[in-house]
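Q: Have a look at this one.
Here, each number is a calculation from the coordinates, and none is a lab measurement. The model shown is predicted, which means the values in this text are computed figures rather than measured ones. Because the Cβ atoms are built from the backbone with ideal geometry, glycine has one as well, and the counts that use them run over all protein chains shown.
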Amino acid sequence: MKTECTKKYDTFQPLGRKEIVAECNGGLIISDGGCRLLGDVEKRTAILQRFAKSFTDYRDKNRIEHSYHWYPKEL
């Protein structure tokens, strides 16, 4: 099913005296939730790996296939 933008723009509640406008004229729009940006940040900072290290893994080490460091990247 193809979608169509019915308005040229949407307005939001002003921020102080500034009007906030979202226009639908940017061409191809993707909705990856910022995952590409987060992936780039992770490559440079290892922030998800550091986050994962803050958890204690109580699973039986003989029965697991993936370390707990892997899971935050899948969220």
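Q: Would you mind calculating the gained length between Ala46 and Glu23 on full extension (0.36 nm times residue separation, minus the Cα-Cα distance), in nm to one decimal?
A: 4.9 nm
Q: Take Glu23, Glu42 and order them by how many other Cβ atoms sit within 10 Å, fewest up front.
A: Glu23, Glu42
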